[in-house]
Amino acid sequence: MAITELTLTRPDDWHLHLRDDAMLAAVLPDSARRFGRAIVMPNLKPPITTVAEARAYRERILAAVPAGSAFEPLMTLYLTEATTPAHIAEAKASGCVHAVKYYPAGATTNADSGVTDLHRCRAVFEAMQKHGLPLLLHGEVVDPEVDVFDREAVFIDRHLTGLRRDFPGLRMVLEHITTRAGADFVAEAPAYVGATLTPQHLLLNRNAIFSGGLSPHAYCLPVLKRESHRQALLAAATSGDPSFFLGTDSAPHPRHAKESACGCAGIYSAHAAIELYAEAFDSVGRLDRLEAFASFHGADFYGLPRNRDTITLRKQPWRVPEEVDFGGVPGVPMRAGDQVAWWLVD
Ligand code: NCD
Ligand code: ZN
């Protein structure tokens with residue numbers, strides 16, 4: 001019989017953009033309602049590059065957590081060419097910084113302070129390897145000669161293979177993978193090389209960007225890929241391989257910043273995140289593997305205890321609003337105006 005109700009250990013989100021100030025206050029309740037913890041991305045303006053900044057940002061997030069929620073933000077540092085091994089040692093000792101995020105300079109939203117040449121970070125990677133602090137990779141090259149749809153595969157060839165060879169013990173997460181190449185690389189690597197998968201890359205292919213006219217709300221980075229890649233990602237997510245875990249990459253942008261001549265990258269999914277993953281797993285008859293993907297693999301990878309409480313999902317369609325409030329500005333959430341098949345029971 002088809003499953004219509006599902007209780008799982010409370011999941012965590014291993015890749016989340018919460019922003020700051022009014023937008024933080026507006027979006028955080030969506031994540032806090034679903035997830036126990038989240039790895040919080042450091043790409044603020046200016047970025048979070050020191051432990052002191054991470055601690056202060058953590059306090060601002062905690063102040064915005066709704067009453068009654070035990071949501072815990074797990075902080076990250078933004079890797080720059082000024083990051084030193086001493087920063088890494090301090091981050092590890094802090095207990096509140098759980099990873100360091102690599103953005104290639106200019107690759108995506110607020111990535112201007114990113115790294116231009118990975119070779120400049122060798123001493124830092126050495127220190128991360130020694131301290132067991134994971135490196136989170138936005139795995140795309142920014143070389144304008146490389147086709148935008150090939151940027152992940154080229155990153156793996158040009159950089160990731162060498163990084164694995166030179167730092168064989170470095171813990172890494174290839175974030176928001178979008179291609180078969182990404183899934184294969186992680187499946188073949190040791191257990192301390194993981195990958196996060198977003199709801200949009202499991203549910204949509206690149207046709208979504210162009211169906212019925214240009215849709216800025218289906219634009220994120222790395223950009224959606226063709227259907228064969230989506231299928232490879234869905235196979236990886238539902239394979240039971242503990243290297244693959246949930247990371248929404250939910251990234252709020254005001255409506256006007258998306259619907260613009262230069263629309264920015266990022267899809268907001270926090271309002272329906274676990275429900276959308278349930279749809280994806282249901283689509284291939286693998287709801288039995290949702291809990292491990294959403295609630296176990298990431299915690300195990302980061303060496304954190306699994307959550308102890310549960311959430312319940314019911315197969316009951318509901319309609320996502322056309323627009324949500326992002327703290328005084330409207331935003332357009334994933335599936336706006338359309339139905340989501342699973343409902344989070346309170
Ligand atoms: C993210 C954002 O808006 O901060 N956008 C996105 O398209 N994913 C940045 C990122 O993770 O690349
Ligand atoms: Zn992201």
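Tell me which helices (runs of 4 or more DSSP H) are completely within region 240-316 and hold 2 or more residues being among the aliphatic types (A, V, I, L, M), or say none if there are none.
Values: elements: 255-258, 273-283, 297-302.
The qualifying helices (runs of 4 or more DSSP H) are 273-283.
Can you pull out every residue in region 21-50 that is charged (D, E, K, R) and more than 15 Å from ligand 2 (Cβ to nearest atom)? Walk me through it before giving the result.
Restricting attention to region 21-50, the residues satisfying the condition of being charged (D, E, K, R) are 21, 30, 33-34, 37, 45.
Matches in region 21-50: Asp21, Asp30, Arg33, Arg34, Arg37.
Applying the selection to region 283-331, what residues are over 16 Å from Ala272 (Cα atoms), touching a helix residue (DSSP H, G or I) at 6+ places or on another chain (Cβ under 7 Å) and surrounded by 19 or more Cβ atoms within 10 Å (Cβ to Cβ)?
Leu287, Phe293, Asn307
Residue-wise test of (1) within 15 Å of ligand 1 (Cβ to nearest atom); (2) at pLDDT below 95; (3) polar (S, T, N, Q); (4) farther than 18 Å from Leu170 by Cβ.
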residue: Ile48; (1), (2), (3), (4): yes, no, no, yes
residue: Val51; (1), (2), (3), (4): no, no, no, yes
residue: Ala63; (1), (2), (3), (4): no, no, no, yes
residue: Ala70; (1), (2), (3), (4): no, no, no, yes
residue: Thr84; (1), (2), (3), (4): no, no, yes, no
residue: Ile88; (1), (2), (3), (4): no, no, no, no
residue: Val97; (1), (2), (3), (4): no, no, no, no
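Return a yes/no flag: does region 162-174 have any residue that is among the hydrophobic types (A, V, I, L, M, F, W, C), within 14 Å of ligand 1 (Cβ to nearest atom) and under 23 Å from Gly132 (Cα atoms). Reasoning before the result, please.
Narrowing region 162-174 to residues among the hydrophobic types (A, V, I, L, M, F, W, C): 163, 167, 170, 172-174.
Among the residues that remain, those that are also within 14 Å of ligand 1 (Cβ to nearest atom) are: 173-174.
Filter once more, so that each one left must be under 23 Å from Gly132 (Cα atoms): 173-174.
Yes, there is a match, as at least one residue in region 162-174 is among the hydrophobic types (A, V, I, L, M, F, W, C), within 14 Å of ligand 1 (Cβ to nearest atom) and under 23 Å from Gly132 (Cα atoms).
For residues in region 6-31 being within 27 Å of Leu79 (Cβ to Cβ) and more than 16 Å from ligand 1 (Cβ to nearest atom), which is nearest to the chain's Cα centre (by Cα)? Walk me through how you get there before you give the answer.
Initial filter on region 6-31 (within 27 Å of Leu79 (Cβ to Cβ)): 11-21, 23-24, 27-28, 31.
Keeping just the survivors that are more than 16 Å from ligand 1 (Cβ to nearest atom) gives 11-12.
Details: Pro11: 14, Asp12: 11 Å.
So the residue we want is Asp12.
Show the residue pairs that are 6+ apart or on different chains and have beta-carbon atoms under 9 Å apart, the first residue being within region 204-226 and without any contact (Cβ under 8 Å) to a residue 24 or more places away in the chain, the second being crowded, with 19+ Cβ neighbours inside 10 Å and basic (Lys, Arg).
none
Scanning region 198-240 for residues that are more than 18 Å from the chain's Cα centre (by Cα) and polar (S, T, N, Q), which turns out farthest from Ile39 (Cα to Cα)?
Ser211
With surrounded by 20 or more Cβ atoms within 10 Å (Cβ to Cβ) and over 25 Å from Asp12 (Cα atoms) as the only criterion, which of Leu204, Leu214, Leu160, Leu197 stands out? Even if it seems obvious, please write down each step before you answer.
Working: Leu204 fails: over 25 Å from Asp12 (Cα atoms); Leu214 fails: surrounded by 20 or more Cβ atoms within 10 Å (Cβ to Cβ); Leu197 fails: over 25 Å from Asp12 (Cα atoms).
Exactly one residue qualifies, and that residue is Leu160.
Out of the residues in region 225-260 that are among the acidic types (Asp, Glu) and surrounded by fewer than 21 Cβ atoms within 10 Å (Cβ to Cβ), state the one that is nearest to Ser211 (Cα to Cα). Break it down into steps so the answer makes sense when it comes.
Going residue by residue through region 225-260, those that are among the acidic types (Asp, Glu) are 227, 241, 249, 259.
Pick out the ones that are also surrounded by fewer than 21 Cβ atoms within 10 Å (Cβ to Cβ) and you get 227, 241, 259.
Numbers: Glu227: 14, Asp241: 33, Glu259: 16 Å.
Looking at residues that are among the acidic types (Asp, Glu) and surrounded by fewer than 21 Cβ atoms within 10 Å (Cβ to Cβ), I get Glu227.
Within the bounds of region 171-185, is there any residue that is modelled with pLDDT under 95, surrounded by fewer than 21 Cβ atoms within 10 Å (Cβ to Cβ) and over 18 Å from the mean Cα position of the chain (by Cα)? If you could, list the steps in order and put the result at the bottom.
Of all residues in region 171-185, those modelled with pLDDT under 95 come to none.
No, that holds for no residue.
The values are calculated or read from the model by the stated rules, or taken from the named source; none is laboratory data. Bear in mind the structure is a predicted one, so any value in this text is a computation, not a measurement. Backbone-built Cβ (ideal geometry, glycine too); neighbour counts: all protein chains shown.
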